[in-house]
Amino acid sequence: MTPAGVATVARQELRLRVRRGRWRILVAVWFLVLLGLLALLRLALGSLGPLVAGQRGGIMYGGLQLMVLGLATLVVPALAAQSVNGDRERGVLATVQVTGLTAGDIAFGKFFAAWGAALLFVAATLPLVVWCVAEGGVDALAVFVVTLVMAALLGTVCALALALSALLARTTTSAVMSYLAVFTLTIGTLILFGLATAAAPQIEQTETFDDGEAFTFTEPDTSKTWVLLAPNPFVVLADAAPYRGDDVEFGLDPLGNIGRAVRFVRSPDAEPGFDENGERVGGDANPPPVWPTGLAVNLALAAGALAVTVRRLRTPTYRLAPGQRVA
Amino acid sequence: MTLRPGDAGIAATGVRRSFAGVDAVRGMDVHAAPGEVTGLVGPNGAGKTTLLLVLATLLVPDGGSVRVAGHDPVTEPRAVRARMGWSPDVFGLYEGVTAREYLEFYAAAYGLDAARRRRRAAALLDQARLGEFADRPVGVLSRGQKQRLGLVRALVHEPAVLLLDEPASGLDPRSRVELRELLRELARAGTTVLVSSHVLSDLEELADRVVFVDAGRTVGDHRVAALPRGTAWRPWRIRSLDPAALLAVLDQAGVDHGEPGSGGVDVVLAGDEEAVDLLAMLVAARVPVAAFQPVGGSLEAAFLSLTDQAP
Ligand SMILES: Nc1ncnc2c1ncn2[C@@H]1O[C@H](COP(=O)(O)OP(=O)(O)OP(=O)(O)O)[C@@H](O)[C@H]1O
Ligand SMILES: [Mg+2]
């Protein structure tokens, strides 16, 4: 594998994509949908008035990023899900495999092309980010970290879709399976976490009410099952934003709220109680984060997917998928 | 014609390959020397494409020894690829790019530098008579133009060994002649050319040698110049101004013949001598013979007599 080889493949892939012409319309629709959603969010915040003064931009930014990630799970799988088997169906893959390009060149070239296209969609939201910043209250560090994590998560989706396109003979199957893989990450992790938590042992929690009366109840112990929730891209993205555990008064910042919630899932004892004066008692001001684990799982998935893709592109091959010809 | 491993050209001995229980290739010996065009001839499903995939570093054979341009396609695919060009029987082209971009992409894929890429692409477009289509999208080219483009693609890196799977299908007569001239020219320059085909009339004028394969095996290996021309069973077509008289004489002489058609009557004869005798008999019987000619080329005749000995 050489940088020149990877670049040759990536350039060709991007050129073909750009020529197909539909991407302009797609990016335009993508931008307009997000613009509409962000405008609605801004309207809603406007009606809250002074309650959210000073943090309006931060709330909008968090909401925007969750919407971007949500829409990206619909768009990004399509960028790579037919990359390898589509070329095989069209009869061009084998002619590329007999050139000086290695399996690594082809796999990574296709990966970078798909990832680059995905990042283009993210880049298209830049004007919306500028709007959020203009509203005030956006944390520069949050923008930096969230953008990096977003890129990594979309890269994972591209890698998974690419591997499926290399593993499965039919393009329709790999497209469906790619969406299934992404839904497993987004919704499947939630369901798995829910089921595992239901089966987890109960622990005792004590809460003190305003009138000084202590109340004891039990809840499932999530200190082990949180791992199932960690790979969820929304969890990773939200928790990666700088932790602001103490600004909970009118915590409307969606990233902060999700981050706090999943950290309490990981460390049930970190959640503070309140004493008779309404003062916070106990708890942990800085519970351990969830996102490094989640991001690590995602990156491991991406690395595994790329390794599988390279393997499947290696020639000469012995094994062929049933009913598949080389050429 | 013998090639030892290490020599240039193609040396495939005892190649076997099966797919999920189907023996596609079960012992093929194919040798091709530099400077020659070698034809790979056989009926549908004989295993020609499978053999070429093995030679083209795409498929691992179950057994046998293979050398292409002096290297083993299984253990040294990169060395083989640098010296080998391959054009598959059914292939697609990147429809969205222009013909020039298409060739330049493959030139880059073979590691040619930018200046050489441009030069090769321009030269090959000329060679494929696609100069005026150079900057049009590949998708709008006609089938034959696509075929020619796909063919010259295999030449971008000036390979020493050229593997072509059914290159003539879909080409008009002029393109066929040009293909023939192109391949002859490459062979003259020292290239090893292996062409699979079942269009025998094409190969007859093109190939120096033909290897016959059937049901996964090599069944014959001949120099075209030395093919048995005078002695093979082959069909002949006779046309007479008086078809009834012709049939009467044929029946009387006990010569098997087909149904008379507008082109004449087909008979199968054991060789030139039998043809001479029959013609003499017809003339002696005052049958007005207007045409008396062999059907198909001598390659076809040789192939038919090789695959089923007694027609
Ligand atoms: N990937 C595969 N899976 C299963 N069977 C295969 C595969 N590839 C080839 N075959 C079988 O192997 C045999 C030889 O096929 P091959 O394509 O090599 O024939 P061919 O000589 O090129 O025929 P044609 O002249 O029609 O192109 C056929 O019976 C074919 O069905
Ligand atoms: Mg074939």
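Considering only chain B, what is the antiparallel percent among its DSSP beta bridges, to the nearest 5? Let's see the in-between values first.
On the way: 33 of 51 bridges.
Around 65 percent antiparallel, to the nearest 5.
When ranked by the protection proxy of mean other Cβ atoms within 10 Å per residue, highest first, what sequence do the peptides B:15-27, B:65-77 form? Don't jump to the answer; show the numbers that get you there.
Numbers: B:15-27: 16.6, B:65-77: 19.6.
Ranking, from highest mean packing down: B:65-77, B:15-27.
Rounded to the nearest 10 degrees, what's the angle between the helix B:114-127 long axis and the longest principal axis of chain B, both from Cα atoms, 0 to 90?
20 degrees
Assign unit charges at the C-beta atoms only (+1 for Lys and Arg, -1 for Asp and Glu), then state the dipole size of the stretch B:10-226 relative to its Cα centre in Debye, rounded to the nearest 20.
Numbers: 28 positive and 27 negative charges, 81 e Å.
Approximately 380 debye in magnitude.
So how strong a dipole does the stretch B:134-185 carry about its Cα centre when Lys and Arg Cβ are +1 and Asp and Glu Cβ are -1, to the nearest 20 debye?
Details: 9 positive and 8 negative charges, 39 e Å.
Computed charge dipole of the stretch B:134-185: roughly 180 debye.
Work from the charge dipole of the stretch B:233-309 (Cβ charges, +1 for Lys and Arg, -1 for Asp and Glu, about the Cα centre) and give the residue of B:Val249, B:Val276, B:Ala290 farthest towards its positive end.
Towards the positive end, the residue furthest out is B:Ala290.
Return the single residue from A:Pro254, A:Pro242, A:Pro127 with maximal mean-square fluctuation; model: Gaussian network over chain A, springs between Cα atoms under 10 Å.
In the Gaussian network model the winner is A:Pro127.
Please report the orientation-averaged projected area of chain B, defined via the convex hull of its C-alpha atoms, in nm². Each step should come with its number before you reach the end.
Details: hull surface 74.9 nm².
Result: a mean projected hull area of 18.7 nm².
Per 20 Å bin, what is the whole-percent P(r) computed from every C-alpha pair distance within the protein assembly as shown?
Whole-percent P(r) values from 0 Å outward: 16, 35, 25, 15, 7, 2, 0.
Thinking of the stretch B:233-309 as a set of Cα atoms, what percent of all their pairs are more than 14 Å apart?
Details: 1724 of 2926 pairs.
Value for the stretch B:233-309 (Cα pairs over 14 Å): 59 percent.
I want to verify a result. In a Gaussian network model of chain B, Cα cutoff 10 Å, which of these has the top mean-square fluctuation: B:Leu279, B:Leu103, B:Leu162?
Among B:Leu279, B:Leu103, B:Leu162, the largest mean-square fluctuation in the Gaussian network model of chain B belongs to B:Leu279.
Between the stretch A:1-70 and the stretch B:237-308, what's the alpha-carbon centroid distance in Å?
What the calculation gives is 78 Å, centre to centre.
Counting pairs of alpha carbon atoms under 8 Å apart in space and at least six apart in sequence, what relative contact order in percent does chain A give?
22 percent
Percent antiparallel among DSSP beta bridges with both residues in the protein assembly as shown, to the nearest 5? Write down the numbers at each step before the final one.
Working: 42 of 61 bridges.
Here the antiparallel bridges make up roughly 70 percent for the protein assembly as shown.
From other protein chains only, count the Cβ atoms within 10 Å of every residue's Cβ in A:99-106, then give the mean. Intermediate values should be presented prior to the final figure.
Details: counts 14, 10, 6, 3, 0, 0, 1, 1.
Across A:99-106, the average partner-chain Cβ count within 10 Å equals 4.
Taking only the alpha-carbon atoms of the stretch B:9-125, what semi-axes of the equivalent ellipsoid follow from 5 times the gyration tensor eigenvalues under a square root, in whole Å, largest first?
Values: eigenvalues 174, 55, 36 Å².
So the three semi-axes of the stretch B:9-125 are 30, 17, 13 Å.
Which one, B:Leu103, B:Ala134, B:Leu93, is farthest towards the positive end of the dipole of the stretch B:90-165 when Lys and Arg carry +1 and Asp and Glu -1 on their Cβ?
With unit charges placed on the Cβ atoms, the residue in question is B:Ala134.
Pop the C-beta distance of A:Arg244 and A:Gln205 into the FRET formula with R0 = 22 Å and round what comes out to the nearest 0.05.
Details: r = 24 Å, r/R0 = 1.08.
Efficiency, from the Cβ-Cβ distance: 0.40.
For A:Ile203, enumerate residues with amide H under 5 Å from its amide H, sequence gap 5+ or separate chain, H modeled in the peptide plane.
A:Glu219, A:Asp221
So who's got an amide H within less than 5 Å of the one on B:Ala24, skipping anything under 5 residues away but keeping other chains? H placed 1.01 Å off N, in plane.
Excluding prolines and chain starts, which carry no amide H, the hits are B:Arg17, B:Ser18, B:Phe19.
Of B:Asp165, B:Asp202, B:Asp126, which is the most mobile in a GNM of chain B whose springs link Cα atoms less than 10 angstrom apart?
In the Gaussian network model the winner is B:Asp126.
So what's the net charge close to B:Ala12: Lys and Arg +1, Asp and Glu -1, counting the other residues with Cβ under 9 Å from its Cβ? If you can, show how the numbers build up before the last one.
Numbers: positive: B:Arg67; negative: B:Asp29.
Around B:Ala12, the surrounding residues sum to 0.
Only helical DSSP H runs with n ≥ 4 go in: add -39500 (n - 2.57) per run for the protein assembly as shown, normalise by residue count and round the 222 nm mean residue ellipticity to 500 deg cm²/dmol.
Working: 24 runs with 321 residues, N = 638.
Only helices count here, giving -16000 deg cm²/dmol.
Cα centroids of the stretch B:1-78 and the stretch B:209-223: how far apart, whole angstrom?
Computed from Cα coordinates, the inter-centre distance equals 12 Å.
Using only alpha carbon pairs under 8 Å that are at least six residues apart, calculate the relative contact order of the stretch B:233-309 and give it in whole percent.
Numbers: 95 pairs, mean separation 36.4, N = 77.
Once normalised by length, the contact order is 47 percent.
Need one value: the accessible area of B:Met281 in square angstrom, 1.4 angstrom probe, rounded to the nearest 10.
80 Å²
Roll a 1.4 Å probe over the protein heavy atoms and report the accessible area of A:Leu180 in Å², nearest 10.
Spelled out: A:Leu180, probe radius 1.4 Å, area about 100 Å².
For the stretch B:98-109, take each phi angle, set θ = phi - 60°, evaluate the Karplus expression 6.51 cos²θ - 1.76 cosθ + 1.60, and give the result in whole Hz per residue in order, putting x for glycine and proline.
Each residue's phi maps through the Karplus curve to give 7, 4, 5, 4, 4, 5, 5, 4, 5, 4, 5, 4 Hz.
Relative to the Cα centre, what is the charge dipole magnitude of chain A, using +1 at the beta carbon of each Lys and Arg, -1 at the beta carbon of each Asp and Glu, and rounding to the nearest 20 debye? The partial results should precede the final answer.
Details: 24 positive and 24 negative charges, 686 e Å.
With Lys and Arg at +1 and Asp and Glu at -1, about 3300 debye.
Accessible area of A:Leu101, 1.4 Å probe, to the nearest 10 Å²?
10 Å²
Just checking the output field for B:109-121: average partner chain Cβ neighbours within 10 Å of each residue's Cβ?
On the way: counts 13, 5, 7, 1, 0, 0, 0, 0, 0, 0, 0, 0, 0.
Counting other chains' Cβ atoms within 10 Å and averaging over B:109-121 gives 2.
Two decimals, Cα atoms only, Kirkwood Rh: what is Rg/Rh over chain A? Please list the in-between numbers first.
Numbers: Rg = 23.2 Å, Rh = 21.9 Å.
Rounded to two decimals, Rg/Rh equals 1.06.
Calculate what fraction, in whole %, of the accessible area of the stretch B:233-309 sits on carbon and sulfur atoms when a 1.4 Å probe is rolled over the protein chains. Write out the running numbers ahead of the final one.
Numbers: 2270 of 4250 Å².
Ligands and nucleic acids excluded, carbon and sulfur reach 53 percent.
Output ³J(HN,Hα) for the stretch A:182-189: one whole-Hz value per residue in order, computed from phi by the Karplus curve 6.51 cos²θ - 1.76 cosθ + 1.60 with θ = phi - 60°, and x for Gly and Pro.
5, 5, 4, 5, 8, 9, x, 5
Net charge near B:Leu246: determine it from the other residues with C-beta under 15 Å of the C-beta of B:Leu246, scoring Lys and Arg +1 and Asp and Glu -1.
Around B:Leu246, the charge tally is -2.
Shielding of B:87-95 by partners, i.e. mean partner chain Cβ atoms within 10 Å per residue?
Other-chain Cβ atoms within 10 Å of each residue's Cβ, averaged: 6.
May I ask you to evaluate 6.51 cos²θ - 1.76 cosθ + 1.60, the Karplus curve with θ = phi - 60°, for each residue of the stretch A:302-308 and list the ³J(HN,Hα) values in order in whole Hz, giving x for glycine and proline?
Rounded to whole hertz, the list is 4, 5, x, 4, 5, 4, 4.
The values are calculated or read from the model by the stated rules, or taken from the named source; none is laboratory data. Here the structure is a predicted model, which is why all the values come from computation and not from measurement. We place every Cβ from the backbone using ideal geometry, glycine too, and count neighbours over all the protein chains shown. Ligands, DNA and RNA are stripped out before the accessible areas are found, and what is left, the full protein with its side chains, is counted by its heavy atoms. Shrake-Rupley method; radii C 1.70, N 1.55, O 1.52, S 1.80 Å.
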